[in-house]
Amino acid sequence: MKLPRPPLILLFLCLVTMIATVTLTQNDRVIAQEFPRPAVELANQNIGLLETCGTRPQAKRPGNPELGPVVEVPASLYRFRRPVNWQNSAATSNYAQPSSVGAPREYQALANRSNYGQRYLYDVNGKPVTNTPIVVLHETAATAQSTINFFQTYHTSEEDQASYHTLITLNGDVVYIVPPDLRAFGAGNSIFQGEAVQTDAKLPSSVNNFAYHVSLETPPNGLNGGSSHSGYTMAQYQSLAWLVAQTGLPDDRITTHKAVDRSGERSDPRSFDEQLFFQLLRNYPRTREIVIGCQASYRNQ
């Protein structure tokens, strides 16, 4: 995914409006937020799936983008991942910590509402959507900082509206951008093994309605294009394996942006070591701490 360079004024606004600054890579200072204290998090443990599903896509007005549901700021870690052994992890620190040994650090940097939307129960033609979720792997083709800045910018043009659910920085930090119950705009005009859902009558169908989009930060020598680069860090592979294991999905529901793209223009993630990734993935138990999908009171009506 190639992102345009954001104006300096947008970078300044992002710097002054975010709550906490943490160093996420050696090369960038990325604006992100830590998660609330455990006392707050523990009060939310029994919350069921949020009723964020949309029933059926509605026609959009030109130049007036449909905004995704409001996400509380700062959001609870439970909004993105539901730790299995929450009590033990919360009792050991002032801040919410990963639920398994060796897990990466986790942050949030929420996308602007113009860059994500609802997952729908029916497509534009009224056909029920029943697809099993998939994980789609990407690379940023930009620094983590510029990628996050772009996603946090209000966009009126559909060509600029984009997001991932999660980004993994060069040093392995996990940055949550769009909650998994919502639809990130990660792969337009895409299909997975014959599966795609059309959510806009003016646009091709895509996998976005049932996909969980995860992106690896591109190394510096890959920022200028080209068919390959030096590859991703071991910390990124470890964090990616840990994260994907939390979705509980089998290997055959894990794919890449290149594989699902129908335009022939996407090649990410370039220089990806698939063998290493799946080898590391086997080291983690498959859980469902990350629930891909949404809930609706009218689902069975």
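The values are calculated or read from the model by the stated rules, or taken from the named source; none is laboratory data. Computed from a predicted model, the values in this text were never measured in an experiment. Cβ atoms come from the backbone with ideal geometry, glycine included; neighbour counts cover every protein chain shown.
Between T247, T233, the distinction of being over 18 Å from the mean Cα position of the chain (by Cα) and surrounded by 17 or more Cβ atoms within 10 Å (Cβ to Cβ) belongs to T233 only. Based on what the data block shows, is E217 crowded, with 24+ Cβ neighbours inside 10 Å and among the acidic types (D, E)? So E217 passes the test.
Table: residues versus (1) of a type in the set (S, T, Y); (2) closer than 17 Å to E265 by Cα; (3) in contact (Cβ under 8 Å) with a residue 24 or more places away in the chain; (4) assigned to a loop (DSSP other than H, G, I, E, B).
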position	(1), (2), (3), (4)
H213	no, no, yes, no
N221	no, no, no, no
S227	yes, yes, yes, yes
S230	yes, no, yes, yes
A235	no, no, yes, no
A241	no, no, yes, no
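Cβ-Cβ contacts under 6 Å between residues 6 or more apart (or on different chains), taken from a first residue in the range 163-175 that is among the basic types (K, R) to a second residue that is surrounded by fewer than 24 Cβ atoms within 10 Å (Cβ to Cβ), are absent. Of all residues in the range 56-66 being part of a loop (DSSP other than H, G, I, E, B) and exposed (fewer than 14 other Cβ atoms within 10 Å of the Cβ), which is modelled with the highest pLDDT? The residue in question is Q58.
Going by the structure shown, is A211 surrounded by fewer than 23 Cβ atoms within 10 Å (Cβ to Cβ), within 19 Å of the chain's Cα centre (by Cα) and of a type in the set (G, A, S)?
no
Here the range 267-300 is the region considered, the condition is being part of a loop (DSSP other than H, G, I, E, B) and free of Cβ contacts under 8 Å to residues at least 24 places away in the same chain, and the residue that is surrounded by the most Cβ atoms within 10 Å (Cβ to Cβ) is R282. I'd like to verify a number: residues in the range 102-128 that are among the small types (G, A, S) and over 17 Å from the mean Cα position of the chain (by Cα), how many? Selection size over the range 102-128: 3.
Selection of the range 126-153 for residues being in contact with a Lys or Arg (Cβ under 9 Å, 6 or more places away or on another chain) and polar (S, T, N, Q) yields T132, Q145, S146. Taking into account only those residues within the range 250-266 that are in a helix (DSSP H, G or I) and touching a residue at least 40 places away in the same chain (Cβ under 8 Å), which is surrounded by the most Cβ atoms within 10 Å (Cβ to Cβ)? Selected residue: V260. Here A187 meets the list (1) in a loop (DSSP other than H, G, I, E, B); (2) touching a helix residue (DSSP H, G or I) at 6+ places or on another chain (Cβ under 7 Å); (3) over 26 Å from K127 (Cβ atoms) almost entirely, failing just condition (3).
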